[in-house]
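Bear in mind these aren't lab numbers, they're just calculated from the coordinates by the rules spelled out. Note that the structure is a prediction, hence the values are computed from the model and not measured. With ideal geometry, Cβ positions are generated from the backbone for all residues, glycine too; neighbour counts draw on all protein chains shown.
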Amino acid sequence: MNKQIPLKIFFWMAMVWAAANLFAQAVYIGFYGVPFDGLAMIDSLGNLYYVLVAIEIGIWVYVAVFFVKRLLLRVNSTTQFQINH
């Protein structure tokens, strides 16, 4: 249960997410000539918006915990290495 996701996978997930957003924005601008209207999209979701915000916050917390754990492991391993020598 203590399995960690490699950093490469997070990098590629972020790249795919960014590319998908840029592609979606480009397609929308191609069809309608203007970028997405964020407020109109939020209004169209209604109460579902709060569920999506909660999911997104959960994802960002998971990513933050992942990087903090990784940093602490790196700091602890370098500290232990220096103490032993």
FRET E, pair PHE36, TRP12, Förster distance 25 Å, beta-carbon r, rounded to 0.05: 0.55
Crossing angle, helix 48-84 versus the chain [Cα axis fit, 0-90 degrees, rounded to tens]: 20 degrees
Farthest positive-ward along the chain dipole, Cα basis, beta-carbon charges - from ALA24, GLY46, ILE5: ILE5
Distant alpha-carbon pairs in the chain (separation over 15 angstrom), percent: 76 percent
